[in-house]
Amino acid sequence: MKEKVRIIQLEPLLANQISAGEVVERPSSVVKELVENSLDAGAKKIEIEIEGAGMHLIRIRDNGHGIVKSDLILAFSRHATSKIKTTEDLAKIHTLGFRGEALASIAAVSHCRLISHAQGESEAWQIEIDPALNPQIEPIAHPFGTTVIVADLFHNIPVRRKFLRSEKTEFQLIDDMLKRLALSYPRVSFRLKHNQRQVRYYPALSSLTDERSRVGKICGQKFIENAIQICAQASSLSLQGWIGLPLLNHRQADCQYFFVNERMVKDRLLNHAIKTIYQQHPDFMEGTYPCYVLNLNIDPSEVDVNVHPTKQEVRFIQARLVHDFMMKCVTNALNQAPLQPMAQLGKMSLEANKPSNFFLVPPLQGAPAIINKPSRYAFVEEETGIIIVDLNQAKTFLIARYFFTQQGNIPSKTLLFPIPIMRMQMKSSVLEPDLKLLANLGFHLQKHTEKGYHLLKQPAILNEVLAENFWVEFLALLHDKSDLNSLCHFLGNWLSMDVFSVIPAPIFSALIQAWLKQAPVGTLMRLSHDEITHLINVSEYAPTQN
């Protein structure tokens, strides 16, 4: 007879090892948690020493206010913290840490020792945690501040070590994490040593003007020499930082730093919105990514930082207000960017002769011939001259036009695994007419539980699943009873060609013809033959006289 399964209380050691999985993913996670503790302790000088990319040894030393002897044991207990005390504190968190799990989780998967000399205390104390989580405390010599030593990470969980990458990769993750912390805390000095060799030193800075040097040191001099400084405020919101000129062509999103109250966070909706603004600038190159370092300061009661296990995401109470404020700041700053000279544009276009930079469209019966697209612009020849087309804006129009004109006839493909769309992303339930409208646009939702829906099908021209933030915004528009045109325009703004398969040629040809006739103001620039001749004559490519 099969034995009955009984419920048991887990041993503290096992429970801590399980919970450590959320906090201690890899060596960089340990460094992040300990450095954030140092910053919360008011440290102005932080030294980080690692060996074997942190897999063998991590030592963090700071000059913060320290921990008194009577609190040392409590510091390694789960859910023990000095940063919040009441439910009201949880609603206005202003520290990087607040859950009280870091030290307990780290000690459960390593050999951990902490030495601290609290301000006002006559001597320092050391606490060492053995494998059974039994603390041992003894006096020791140490300057004011705290040192945490973590050795043999995951020594008692070998399977976790198998998931770590090479030493080079693990060190790079630590280095990248330190860059983010150094950008958000310019008035703190950071020193990083790896295998007893100093590899990074960021001295503390005393003024906003000096912060340029740290940004330049981390993001590169090319960025800071081609960046616009932002310093804006409205009501309880303020935004400081730098955005790169559109001419900075980064092929990867490797220089995008966004902080909320000095906390590094990821906001895919914001990233997409900023890229959309850049795409509308004539100097922005398709296939590149904007560069920026931005810090948003907001009343802590207006933002929830306890919505993600690793605290990488936040939720704003007035999300629309925050994003509108940031978009206005970025747009205003970008409008100050000097345009690339016409001669330089011509030079760039002539040099962009690689096949990947050209977008060829077959001649359309009745329609003018499109010559080519160097990087971003198409040149359409007609009887009166040439039309220069901004294809970034055209892309938005074409996608919106596709959904608007083909609604009800948009091919859909069934997803291999249904995607849950939770009600937390919605202001209210999706009504039957709304479900029908979504189906007409190629999105087939089915009610799954009281908590949400499943996405069963999506438009066939999409070749990847859309992000959660897409559904947050899209369903919000649906709830606000936006008309079909607004919904299609949103789809055009959100979706990039990267997520599209090839649109069937007959439909694309019809869209091109409709767009050439109805393109919005700003997408097209018409030049007569005389104007073209004049531009050539005043450019560096003017024919020389023999």
_Nonlocal amide H pairs with Val260, under 5 Å, H built at 1.01 Å_ = Val265, Leu296
*Listing Met55, Met177 from the residue with the fewest other Cβ atoms within 10 Å to the one with the most, what is the order?*
Met177, Met55
*What ranking do Thr86, Thr147 get, fewest neighbouring Cβ atoms within 10 angstrom at the top?*
Thr86, Thr147
*asked:* Could you check the spin-label model distance between Asp299 and His479? Points 7 Å from the Cα along Cα→Cβ, value in nm.
replied: 2.2 nm
*Mind giving me the FRET efficiency for Ser70 and Gln233? R0 is 56 Å, r the Cβ-Cβ distance, nearest 0.05 is fine.*
0.85
*asked:* Under the rule a/c < 1.5 gives rounded, and otherwise a/b versus b/c splits prolate from oblate, where does the range 182-301 land using the Cα gyration tensor?
replied: oblate
_Between Ala204 and Lys44, what is the label-point separation in nm under the 7 Å Cα-to-beta-carbon projection?_
0.3 nm
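Provide the FRET efficiency to the nearest 0.05 for the Leu462-Ser213 pair, computing r from the beta carbons and using R0 = 60 Å.
Values: r = 44 Å, r/R0 = 0.74.
According to the calculation, E is roughly 0.85.
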*Can you put Glu128, Glu225, Glu33 in order of Cβ neighbours within 10 angstrom, beginning with the fewest?*
Glu225, Glu128, Glu33
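If I stretch the segment between Asn226 and Glu88 completely, what's the gain in nm (0.36 nm per residue apart, minus their alpha carbon distance), one decimal? Walk me through the numbers on the way to the answer.
Details: separation 138, 0.36 × 138 = 49.68 nm, distance 4.36 nm.
Gain on extension, Asn226 to Glu88, equals 45.3 nm.
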*In debye to the nearest 20, how big a dipole does the range 128-250 give about its Cα centre with +1 on each Lys and Arg Cβ and -1 on each Asp and Glu Cβ?*
460 debye
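Just for the range 12-202, what percent of DSSP beta bridges are antiparallel, to the closest 5?
On the way: 35 of 41 bridges.
Counting DSSP beta bridges with both partners in the range 12-202, the antiparallel share is about 85 percent.
In terms of the Cα gyration tensor, with a ≥ b ≥ c the square roots of its eigenvalues, is the range 12-202 rounded because a/c is under 1.5, prolate because a/b exceeds b/c, or oblate? The partial results should precede the final answer.
Working: a/c = 1.29, a/b = 1.10, b/c = 1.17.
Taking the square roots of the gyration eigenvalues as a ≥ b ≥ c, the range 12-202 is rounded.
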*Could you tell me whether the range 126-221 comes out rounded, prolate or oblate from its Cα gyration tensor? Rule is a ≥ b ≥ c as square roots of the eigenvalues, rounded for a/c under 1.5, then prolate if a/b exceeds b/c, otherwise oblate.*
oblate
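Can you tell me, using C-alpha contacts under 8 Å and at least 6 residues apart, the relative contact order of the range 12-202 as a whole percent?
Values: 363 pairs, mean separation 53.4, N = 191.
About 28 percent, as a whole number.
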*Put a dot 7 Å past each Cα toward the Cβ at Ala141 and Asn156; how far apart are the dots in nm?*
3.2 nm
*Rounded to the nearest 0.05, what FRET efficiency is calculated for Lys328 and Gln119 with R0 set to 60 Å and r the Cβ-Cβ distance?*
0.85
*How large is ³J(HN,Hα) for each residue in the range 181-198, as worked out from phi by the Karplus curve 6.51 cos²θ - 1.76 cosθ + 1.60 (θ = phi - 60°), to whole Hz, x for Gly and Pro?*
5, 5, 5, 7, 10, x, 8, 10, 8, 10, 10, 10, 10, 10, 6, 6, 10, 6
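Computed from the coordinates by the stated procedures, all read-outs in this text should not be read as laboratory data. Fair warning: this is a prediction, and the values are worked out from it, not measured in the lab. Virtual Cβ from ideal backbone geometry, glycine too; neighbours counted across all protein chains shown.
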